[in-house]
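Enquirer: Once you've had a glance at the structure underneath, I'll fire off some questions.
Quick note: the coordinates plus some simple rules give every number you see, no bench work behind them. Source: prediction; values computed, not measured. When we count neighbours, we look across all protein chains shown, and the Cβ atoms used for this are built from the backbone with ideal geometry, even at glycine.
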Amino acid sequence: MLNVVEKVLVTQEEIVKRSIELGKEITEDYKQANEIPLVVGLLKGSVPFMAELMKHIDLDFQFDFMDVSSYEGTESIGDIRIMKDLDISVKGLSILLVEDIVDTGRTLKEVRRMLLNKGAKEVKIVSLLDKPERRVVEVDADYVGFTIPNEFVIGFGLDYNQKYRNLPYVGVLKKEIYTEE
Ligand code: 5GP
């Protein structure tokens, strides 16, 4: 284990097992609704989870990525900046947004609002992790992998200063790592 990790919260085996369950649930829900989603990952954190999850969704869907960032230095709940937009129009489409973690909820609330404004028919959310204690705006994921306590985590897509996204598990970052710098 890397010496920046205090403890492992979710192992690779648990993530794979849960992704299989979520994939089945998502497949059944969309089949029942007679819909095919456009699966949209939010860069970069969603990539490992999305790659795992998609293998278990048994539908003929397309996928794409978006990159958004919140306006830095403000507590504004208003706007997000689009760094990379989707390649196709979302008009009339059912979107399944894939995220690494729902924390304050601001990102997903804004992205969802923006996609609906652009004419998406529906926006559902699947997130690997949920940290409900930190929520400041109302937004709930339709599908959640794991609910975790209020700790800063890294791995399986989640970074600290853009590093450790490649760890095959989700772990708590040692406090001294971010208090030292
Ligand atoms: P929200 O808009 O829900 O506050 O923020 C979501 C984003 O904040 C996530 O996509 C992620 O990039 C970042 N984030 C929130 N909590 C954590 C965490 O515990 N660890 C890491 N590495 N990133 C986090």
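Enquirer: Using just the alpha carbons, could you tell me how many Å³ per residue the convex hull of the chain encloses? Display every interim value, and only then the final one.
Expert: Details: hull volume 21.1 nm³, N = 181.
Cα-based convex hull of the chain, divided per residue, equals 116 Å³.
Enquirer: Can you put Ser19, Ser89 in order, fewest other beta carbons within 10 Å first?
Expert: Working: Ser19 22, Ser89 10.
Listing Ser19, Ser89 from fewest to most nearby Cβ atoms yields Ser89, Ser19.
Enquirer: For the pair Thr179/Glu151, report the inter-label distance in nm, with labels modelled 7 Å from Cα in the Cβ direction.
Expert: Each label point lies 7 Å from its Cα, and together they span 1.6 nm.
Enquirer: Starting with the fewest neighbours, write out Met66, Met83 ranked by other beta-carbon atoms found within 10 Å of each beta-carbon.
Expert: Met83, Met66
Enquirer: Mind pulling the angle between the C-alpha long axis of helix 12-33 and the longest principal axis of the chain? Nearest 10 degrees, somewhere in 0 to 90.
Expert: 20
Enquirer: If you don't mind, there's one more thing I want to ask. Using a 10 Å cut-off around each Cβ, can you sort Arg135, Arg106 from fewest to most neighbouring Cβ atoms?
Expert: Fewest to most other Cβ atoms nearby, the residues stand as Arg135, Arg106.
Enquirer: Please identify, among Ile26, Ile88, Ile101, the residue showing maximal mean-square fluctuation in a Gaussian network model of the chain using a 10 angstrom Cα cutoff.
Expert: Highest fluctuation of the listed residues: Ile88.
Enquirer: If you take the alpha carbon radius of gyration of the range 78-124 and divide it by 2.2 N^0.38 Å, what ratio comes out, to two decimals?
Expert: 1.12
Enquirer: Starting from the Cα of Lys131, draw a straight line to each of the lysines and keep only those under 22 Å, dropping any in the same chain fewer than 8 residues away.
Expert: Leaving aside lysines fewer than 8 places away in the same chain, those within reach of Lys131 are Lys7, Lys17, Lys44, Lys109, Lys163, Lys174, Lys175.
Enquirer: In nm, what is the difference between 0.36 nm times the number of residues separating Glu14 and Lys55 and their Cα-Cα distance?
Expert: Fully extending the segment from Glu14 to Lys55 adds 13.2 nm.
Enquirer: Which one of Val102, Ser46, Leu86 is farthest out on the positive end of the charge dipole of the chain, using unit charges on Cβ (Lys, Arg +1; Asp, Glu -1) and the Cα centre as origin?
Expert: Leu86
Enquirer: Tell me the label-point distance for the pair Thr104, Ser69, using the 7 Å Cα-to-Cβ offset, in nm and rounded to one decimal.
Expert: Each label point lies 7 Å from its Cα, and together they span 1.6 nm.
Enquirer: Under 9 Å from the Cβ of Phe156, count the other residues' Cβ atoms, weight Lys and Arg +1, Asp and Glu -1, and hand me the total.
Expert: Residues close to Phe156 contribute a combined charge of -1.
Enquirer: Suppose each label sits 7 Å from its Cα in the direction of the beta carbon; what would the Gln62-Arg134 distance come out to in nanometres?
Expert: So the two model labels end up 3.3 nm from each other.
Enquirer: About its Cα centre, what dipole magnitude does the chain give when the only charges are +1 on Lys and Arg Cβ and -1 on Asp and Glu Cβ, stated in debye to the nearest 20? Don't skip to the end; give the middle numbers.
Expert: Values: 24 positive and 33 negative charges, 36 e Å.
In total the dipole reaches around 180 debye.
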